[in-house]
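Note sheet for the following structure.
The values are calculated or read from the model by the stated rules, or taken from the named source; none is laboratory data. Being a predicted model, the structure only gives us computed values, none of them experimental. All Cβ positions, even for glycine, are placed from backbone atoms using ideal geometry, and neighbour counts span all protein chains on display. Keep in mind that these areas ignore ligands, DNA and RNA; they rest on the heavy atoms of the full protein, side chains included. Shrake-Rupley method; radii C 1.70, N 1.55, O 1.52, S 1.80 Å.
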Amino acid sequence: MLALIVWLVGIPLAHGAAPWAMSSFTRRYGWTEGWPGIWNLLGLIPVIGGIALLVWVLVVGLVETPRRTRLGLTPSYLLTRGPYTFTRNSMYLAELGLWLGWAFFYGSVPVSIAFVVFAVVVNVIVVPHEEQTLEAQFGTRYRRYKENVPRWLGKAQALEPQRSLRPVSEGLNRRWF
C-alpha cells in the first residue's frame, strides 16, 4: 500500500511538479504571452512516452509482485517482464524521458540542467550500485538477464523461458506484461 502511495503521489511530485516549479522562477524560452511555442510542444512527446512507460512499469509491478514481499533496499524478487524485457532500467528511462520532455516543453535552463545532473547521477552512481546489489542477490539469474537485456536501450536478445514465482493468472496474456 505504501508503495502505491509513493507511486501515485511521490512520482508525480518529483517528476511533474518539480520541473514545473523550477521553470516558474526563470525565463521560459520559446514561450510567448504565457503559452508554449510549437517547438516547446514537441517536448510533450517524451513526457507522454515517459508517463506511458511509468504506467506500464506500475501495472507489471502490481501483476508480478508476489503476495508476500519483503520490503527493503534489496529486492526480494527480480522483475524481468513487460518493459523490463527491453531495458533493465525502465523506470529510470521513463523518469529521464519526463525530465527531458519538461526541459523542452518549458524551455527552461534549470530544468535542462536538472535533467543532465539526474542522468549523470543515475548512470554513474545509482544504476551501477543497483546492478551490484542485484547480482549479489540473484547471482547467475541476474547475470544472464544482464547479458541479454540492455542497460538503457538497444537490441535485446531472446531470454530463456522464465520460471514464474507464482502461477500465471487465468485469462491474463503475460506476453504484454
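Quick notes on this structure:
- Of all residues in the range 45-62, exactly one satisfies the criterion of being touching a residue at least 60 places away in the same chain (Cβ under 8 Å) and crowded, with 19+ Cβ neighbours inside 10 Å, namely Val60.
- Residues (part of a helix (DSSP H, G or I), open to solvent by 80 Å² or more (accessible area, probe 1.4 Å) and among the aliphatic types (A, V, I, L, M)) located in the range 122-158: Val124, Ile125, Ala136
- Taking the criterion of being open to solvent by 10 Å² or more (accessible area, probe 1.4 Å) and touching a Pro at 6+ places or on another chain (Cβ under 8 Å), the residues of the range 104-121 that qualify are Phe104, Phe105, Tyr106, Gly107, Ala114.
- All positions within the range 63-80 that are modelled with pLDDT of 85 or more and either open to solvent by 50 Å² or more (accessible area, probe 1.4 Å) or assigned to a helix (DSSP H, G or I) (or both): Val63
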